[in-house]
Amino acid sequence: MTITAAPPTPDQRILLSGRTWEQFKLIQQGFEDSPGVRLGFYDGEIEILMPGREHEVVKGIIALLMGIFFEVNNIEFEPTGSMTQEKPGLVAAEADESYCIGSSKPTPDLVIEVIFTSGGVMKLRRYQALGVPEVWFWQDGRFTLYHLRASGYEQISQSEIPALATLNLDLLTRCVLLGATSRLEAIRQFRAGLSPV
């Protein structure tokens with residue numbers, strides 16, 4: 001059976017500057033019954049993101065493949081998805097995907113953001129304020145990884161989370177791209193690439 005792709009719907013992103021934490025909380029309450037809308041706050045700026053179809057498809061493919069990696073490698077994990085992470089009065093963020101690896105923690109070990117609009121640098125500032133150890137961005141068909149140091153995030157070429165050290169990012173990238181046309185083939189190729197030769 002072949003699934004015909006629906007026409008892409010673009011992400012919608014609204015930025016509001018010069019706002020207070022109290023204003024952010026009021027806006028957050030206003031969106032309580034709007035599943036899928038992601039809100040962020042840092043340094044007086046509120047971001048409202050309404051992800052489009054392509055954004056959600058890519059996010060779902062990444063989550064699917066990450067779950068397979070954890071299962072194949074016998075790594076315990078807790079998928080925390082787009083849970084709201086907050087330091088009241090200072091920062092709030094909702095990732096596309098997030099994971100606690102090994103055990104449950106208040107702050108996830110890894111956050112993954114799918115970027116179809118701008119805003120990556122602002123998101124890094126939010127996650128730094130929250131103390132997230134590693135952030136990955138998927139943008140323009142590739143992953144960019146950042147690991148938190150004492151001085152801020154530093155771009156890295158391979159995950160520094162020990163459980164993810166063997167993850168082949170080229171394989172993951174290829175299969176995320178393949179997943180845009182066939183989820184089954186992406187899964188098959190990813191699993192085959194993870195299997196020992």
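What follows is calculated from the coordinates using simple rules that are stated; it is not laboratory data. Quantities reported herein were computed from a predicted structural model and do not represent experimental measurements. Glycine gets a Cβ as well: all are built from the backbone with ideal geometry, and neighbour counts include every protein chain shown.
The stretch 14-47 and the stretch 95-140 have their alpha-carbon centroids 18 Å apart. Sequence-distant contacts, meaning Cα pairs under 8 Å at least 6 residues apart, place the relative contact order of the chain at 16 percent. For residue 112, the residues 5 or more places off, or on other chains, whose built amide H falls under 5 Å of its own are 96, 97, 98, 136. Extension gain, residue 76 to residue 17, is 17.2 nm, computed as 0.36 nm per intervening residue step minus the present C-alpha separation. Karplus-based coupling profile of the stretch 170-184, in residue order and whole Hz: 5, 5, 4, 4, 4, 6, 5, 5, 4, x, 5, 10, 8, 5, 4, with θ = phi - 60° in 6.51 cos²θ - 1.76 cosθ + 1.60 and x standing for Gly or Pro. Think of the stretch 53-194 as a dipole: +1 on every Lys or Arg Cβ, -1 on every Asp or Glu Cβ, centred on the Cα centre; then among 155, 89, 104, 155 lies furthest on the positive end. The residue list 128, 26, 73 was ranked by how far each Cα lies along the charge dipole of the chain toward its positive end, using unit charges on Cβ atoms, and 73 comes out on top.
Listed by chain and number, the lysines whose C-alpha is less than 21 Å from the C-alpha of residue 87, apart from same-chain residues fewer than 8 away, are 25, 105, 123. Simple point charges give the picture: +1 on the Cβ of Lys and Arg, -1 on the Cβ of Asp and Glu, and for the chain a dipole about the Cα centre of about 220 debye. If R0 is 25 Å, what FRET efficiency do you get for residue 103 and residue 31 from their C-beta distance, rounded to 0.05? E between residue 103 and residue 31, to the nearest 0.05, is 0.20.
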